[in-house]
Amino acid sequence: MIRILSTTLMAITLSLGFASAAWSHAVLLGSTPAAEASLDVSPKEIVFNFNENVGPIFIKVLDRTGSEVGSPGEWRVDGNDVLMSLNDELPNGTYIATYRVISADTHPVGGSVVFAVGEAVASMDNVAAAGGETSGWVIPVAINRYIQYAAMLLAAGSALFIIAMSVPAAVQTSVYSMGRTAAVVAAVTYVLALGFGGAEMMLGGPAAIFSMAAWSQSLASTLAPSALIGIPGLLILYVAFGKGPEAKPTNLLLLGSVVSVASFLVTGHAATAAPVWLMAPVVAVHLFCAAFWIAALYPLAKTAQVAEIKEAGAVMTQFSERAVWTVGALFLSGAVITWTQVQGPQNMLSTDYGLRLTAKLVVFLSLLGLAAMNKIVLTPALEKADGAAPEKLRRSIKFEYAAMVLIIGAAVSLTLVTPPRATMDMEGGMGGMAMGGGFATTVTKGKYTADVSVDPAGTTASNMVMVTFKDDAGNPVEMVDVTISWSLPTAGLEGIDGRGEMVTPGMYHFMFDQLIIPGQWDARIDAFVDDFDKQIFRTTVPIK
């Protein structure tokens, strides 16, 4: 049994060799000072605004020599804002504000913003901004996460299988052994997740896992409540499995599986996505169904090997009846998660997250085909005592096993990239609608339209601008380059420029701090469809 479990975990790790080490799930919406801003006076504080609540690891302001300046005070968190006061004024010059924070799904996120005081913004290419770097702990963190997913699902699923199924005694013994081993492995990974995660958060070296700072940092993240829930749940399962099939401790097995699965609901970008009241139960259903199916593969194959043909047929029939409901719930919960995270079919093949999810769905459909063959062809053959059926069934389950390994790998890889839902938070949804009652309009130029939203369209705060380009069929259009130039003719102001950052296909994000005078501002949007086709969109925005 240990050999089976270790082979599974190794296969999952290998199947995730394509997984990226891009951990950016929290998204920076804007900052004060804004990126590329040129200020007349030194800022009193640095503010970073994110799409979700984050935990600061460090914030630094560096000059062009790479030295930390401004005599920074303690940082603080206010909602989705991270703020740090500067006790000293910054002399005229160009600076870089760099940050590293922990997103809600425990992944470190880093970046930097360049701004200037009393002069035009100069190049800061020679200054290393450490916020977005990764350390050698990225790989241990990733591998541990893979093992944690697989072992927890096997432990919880084994408990569910024992509760739901009637199988030969020899098979029951194997299931109890598999579940107990998986519970031990999973419990260890929760502890390692704290150490490895803290070391990566702190960009630590090889000895960082022994650092109190690293452990303190991880204990301040959602890794801590996940471990505080998960480890007791797995210990309950360990005790329950230890009682053996003679006792069949149904209540302990059910309690342990519920608590173990619950540990995955306090962290991760799916379970913590809005609305949490919907997503957390949906993710729980998805995990329960996946755990039951994954844990069923080995005992079903063993049943076909050791049981009489008719008895094996009866077990397969029983599993098929339960699998219909399991597959239905798995599919429906997966559909809800996909819709929430992907935010529209256009993102399935145009984003890294969507492509990984598409790969998972393709393998899942293959798995459904194998399951259908088992139900329609091989199970009836077992019931009819077809002597060739057991070997055919074991062979089919091996293919199911391989498909399930790939599905778990794809599922875990989804935690390593930013879901489109996170970037869509910038606009609060598609369609050019402004957030917080700001300003929104649509401008048409030839066969292209630009949905423009400005929030809050006021002078008292930074204005976030979102521009979404579409063709005449309503499909998103990716531009090579997008810039906005602002002017206020009545005040003689002009030359306030900004370059857009694409957050989803066709959607571009800007931040402007300079719209500080009320009036009818003219906005010119230059969009390069390609190197030879530039479309110019013009509109007027009332800034109050």
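The numbers here are math on the coordinates, done by the rules we state, and not lab data. Given the structure is predicted, the values throughout are model-derived calculations rather than measurements. A quick note on method: Cβ atoms are made from the backbone with ideal geometry, for glycine too, and the neighbour counts reach across all protein chains shown.
Taking Cβ atoms as reference points and 11 Å as the exclusive limit, the residues near Y401 contribute a net charge of +2, counting Lys and Arg as +1 and Asp and Glu as -1. Filter the GluC sites (Glu not before Pro) in region 456-544 to those in DSSP coil with at most 14 other Cβ atoms within 10 Å of their Cβ, and list the result. Of the GluC sites (Glu not before Pro), the ones in loops of region 456-544 whose Cβ has at most 14 other Cβ atoms within 10 Å are E478. Calculated [222 nm] ellipticity per residue, helices only, for the chain: -15000 deg cm²/dmol; basis is -39500 (n - 2.57) per DSSP H run with n ≥ 4, divided by all residues, nearest 500. Taking all Cα pairs closer than 8 Å and separated by 6 or more residues, the relative contact order of region 430-543 comes to 24 percent. Solvent-free Debye calculation, one equal scatterer per alpha-carbon of the chain: log10 I(q)/I(0) at 0.09, 0.11 Å⁻¹ equals -0.75, -1.00.
For region 71-120, the equivalent ellipsoid derived from the alpha-carbon gyration tensor has semi-axes of 25, 14, 8 Å in decreasing order. In straight Cα distance, which lysines are under 25 Å from K360, not counting same-chain residues fewer than 8 positions off? Straight-distance partners of K360: K375, K398. By the combined test of axial Cα extent (at least 20 Å) and Kyte-Doolittle hydropathy (mean at least 0.0), the qualifying DSSP H helices of the chain come to 138-164, 169-201, 223-242, 276-306, 309-342, 352-373, 389-413.
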